[in-house]
Amino acid sequence: MTDNRSVAALPGDVNPLRHGRRISRSPDPCTMVIFGGSGDLARRKLIPALYSLSRRRLIPGGFTVLALARSALTDDGYREVLRQWADGSAEGGRADPETWQPFADGLHYLSANYNDPGVYPQIREALARFDRMRGAGGNRIFYLATAPSDYAGIIRNLGNSGLARECVDGAGWVRIIVEKPIGRDLDSARRHNEEVNAVFSEDQVYRIDHYLGKETVQNLMVFRFANGIFEPLWNRQYVDNVQITAAEDIGVGTRGGYYEEAGALRDMIQNHMLQLLTLMALEPPPDFAPNSVRDEKAKVLRSIRPFSPAEARANSVRAQYGPGFVGGRPIPGYLDEKGVSPSSRTETFAAVRFVVDNWRWAGVPFYLRTGKNLSKRVTEIAITFRCTPHLIFAEAGAERADANVLALRIQPDEGITLKFNAKLPGQAMSVRPVNMDFRYGTTFGPHLASAYERLLLDCMLGDPTLFDRADSVEAAWRIVMPILEGWAAGQGPLPTYASGSWGPAEADELLLKDRKRWRLI
Ligand code: BG6
C-alpha cells in the first residue's frame, strides 16, 4: 500500500495529500427535536435523509429524534407513519427491516402546541431520558420545520425554558437549524435574526439553504479551486456573461397558500439562486474553513449593485403561469390553483440582470431566471466566454464561430459540459460547435447523497461552512428589496406565460437589450 504522505511533490505533480483520499466523518450521538415533525418538509426531506444516514452508518446508534406536531399520535403510530413515508421516498430508499428497526427505535413523538410554554418542560424531561437511555450526551439540535410564523414563539420558549443553553462544562452542545424563508423582507429578516440571536449565540445557529448541500453546488468550489486551468479565465477579461437558470416543470401544487405570500423572487432568487451566484463569483478563500468561505460569499453579495426601484424595473421581469401543457399533461393556470387568490399578482417566474461591481466582474452581466411550470426541470450555471477577436477561417466559408460555453449542470443529469468549436470533417475549413461532457452518473454511479443528508450531518459535526450567516441573509434581502419595491410601485398588467413554455417574451427582451439571448437548454 502506498502512503500518500511519503510521496514527495514535484512542481506540476498531483497534490499528494488529497489525491483520492476519502475522509470519513462521524458525529457524536445527539437528539434532534423536530418542530413540525409531521409536516411536508419532515416527510419529504428530513426523515428520508436521516434514515439514509442511519442505514449508511454515518450517524451513531444512539441518534434520537423527538418529533413535535399537533396531531395526536403515539411513538408507535408515528413510527408507522414514517415507515410508510420512507417507503414512498426516492431519497431514503425503501425501509428494510434490518436497517429500519434500529432507526425506528430512536424515533419519538410528542403531540404539542409549540406556543404553549407548558410543552417545554416535557421536552426537557424527554431529552434527559434520551441522554440516560440512548447516550445522547446532552447534545441537541432543534429543527424549525414549522410555518415561519411559529419561529418566534418556539425560539422564545426555548430561551425561557433554558433549553437553548449549552452545558457549562462543554459536555453537551445545543444547535438550532432554521429553514428558509428567513423573513419576507429585510425588516422581518432582521427581526428574526435578532430574536434568534437573543437566545442562541451565532455559532449555535445553522440557517439551512438546501442548495448548498447539493453535490454539484459543492463541486463548483472544487471545479474552480482544485483545477489550475479555469481560474485564470474566470473574470471580466474572458467571460462575456453568466446565466443561472432554475427551471421547474411543476406548479405550486398544494403550496398555493405559502406561495401566494412568497413568489419566485422570495422563494428562489433571494436564497438558492443568489447562493449559486456567490459561489460562482467569489474570490478564492484562503482555505475551506467556515468563515473563510462565508466571508468571501458575503463580499460578493455586498458587490452586487443595488438598484433604485426604477432600475429594478428595467433590469427584472416577473410573470405568472397561465394554462398550458407540461410533458403532454394539461395544466391549469396559477389563478386556478388551490389556495391562490383569483386576483393574485404573485409572480411564478422571475428574471433579473445583476451586475457585480468589483474588479473581477465589472461589466459582466449575471442573468438569473427561475419559474414554475416551465418546459423542463433544469438548474444550471452557464458561463459564456468572449468570442475570438478575429476569425481566420472566414474566407474558407466559416464566417462565425460560436462562443465557448461552460455549463455546470446542478440538476438533473448532473455534470459539466464545455462547448467548443471543431472542424467539420471535409475539404472546407468549416467550424461547428461540439460538446465535451462530464456526467456524475457515468463517472461516480447514479446515487448522489441528498442535500439534506449532507447538511444534517454537517450540523451534527458542528461544521457551519455550508450554512448561511445572519449578515449574508440580510445582504441578500438588501439586494432583492428594491426589486420588490419596484414591482409593487408598477401597476401595469402582470405578464403571463403558457405553462410548458420557457417564460414570458419580456424575459427574452431583457437580454435582447444587451444583444444576448437565453441559452437553449
Ligand atoms: C424550495 C422552494 O426552497 O426549493 C420550492 O420553496 C422549490 O418552491 C424548491 O420547488 C426547489 O428545490 P429543488 O431542490 O427541487 O431544486
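The values are calculated or read from the model by the stated rules, or taken from the named source; none is laboratory data. None of these values were measured; they are calculated from a predicted model. A quick note on method: Cβ atoms are made from the backbone with ideal geometry, for glycine too, and the neighbour counts reach across all protein chains shown. The area values use the complete protein model at the heavy-atom level, side chains included, leaving out ligands, DNA and RNA. Shrake-Rupley method; radii C 1.70, N 1.55, O 1.52, S 1.80 Å.
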Residue pairs meeting the criteria (Cβ under 6 Å; at least 6 apart or on separate chains; first under 17 Å from VAL364 (Cα atoms), in segment 301-329; second open to solvent by 20 Å² or more (accessible area, probe 1.4 Å)): SER303/ASP357; SER303/ASN358; ARG305/ASP357; ASN315/ARG353
Search result, residues across segment 175-198 that are more than 16 Å from the ligand (Cβ to nearest atom) and surrounded by fewer than 20 Cβ atoms within 10 Å (Cβ to Cβ): ASP185, LEU186, ASP187, SER188, ARG190, ARG191, GLU194, GLU195, ASN197, ALA198
Verdict on TYR206 being open to solvent by less than 60 Å² (accessible area, probe 1.4 Å), under 21 Å from CYS459 (Cβ atoms), in contact with a Phe, Trp or Tyr (Cβ under 9 Å, 6 or more places away or on another chain) and in contact (Cβ under 8 Å) with a residue 60 or more places away in the chain: yes
Residues (touching a residue at least 24 places away in the same chain (Cβ under 8 Å), of a type in the set (D, E, K, R) and not in a strand (DSSP E or B)) located in segment 467-508: ARG469, ASP471, GLU474, ARG478, GLU485, GLU506
Residue that is open to solvent by 50 Å² or more (accessible area, probe 1.4 Å) and modelled with pLDDT of 90 or more, where the choices are GLN122, GLN84: GLN122
Residue in segment 211-228 that is nearest to the ligand (Cβ to nearest atom), counting only those that are in contact with a helix residue (DSSP H, G or I) (Cβ under 8 Å, 6 or more places away or on another chain) and open to solvent by 60 Å² or more (accessible area, probe 1.4 Å): GLU215
Sole residue being touching a residue at least 60 places away in the same chain (Cβ under 8 Å) and of a type in the set (A, V, I, L, M, F, W, C), chosen from ILE392, ILE383: ILE383
Leading residue by the ranking (nearest to the chain's Cα centre (by Cα)) among those in segment 432-458 that are open to solvent by less than 60 Å² (accessible area, probe 1.4 Å) and more than 13 Å from ALA49 (Cα to Cα): TYR440
Residues satisfying the stated conditions in segment 232-277, i.e. of a type in the set (Ser, Thr, Tyr), open to solvent by less than 20 Å² (accessible area, probe 1.4 Å) and within 11 Å of the ligand (Cβ to nearest atom): TYR259
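Kindly state which strands (runs of 3 or more DSSP E) lie completely within segment 342-452 and contain at least 1 residues that are more than 16 Å from the ligand (Cβ to nearest atom), modelled with pLDDT of 95 or more and touching a helix residue (DSSP H, G or I) at 6+ places or on another chain (Cβ under 8 Å).
Result: 349-355, 365-371, 378-385, 415-423.
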Candidate set from segment 306-324 (those that are modelled with pLDDT of 95 or more and over 16 Å from ALA488 (Cα atoms)); member that is most open to solvent (accessible area, probe 1.4 Å): PRO323
Segments classed as helices (runs of 4 or more DSSP H), wholly inside segment 58-175, with at least 3 members that are farther than 22 Å from ILE208 by Cα and touching a residue at least 40 places away in the same chain (Cβ under 8 Å): 75-88, 97-105, 119-134
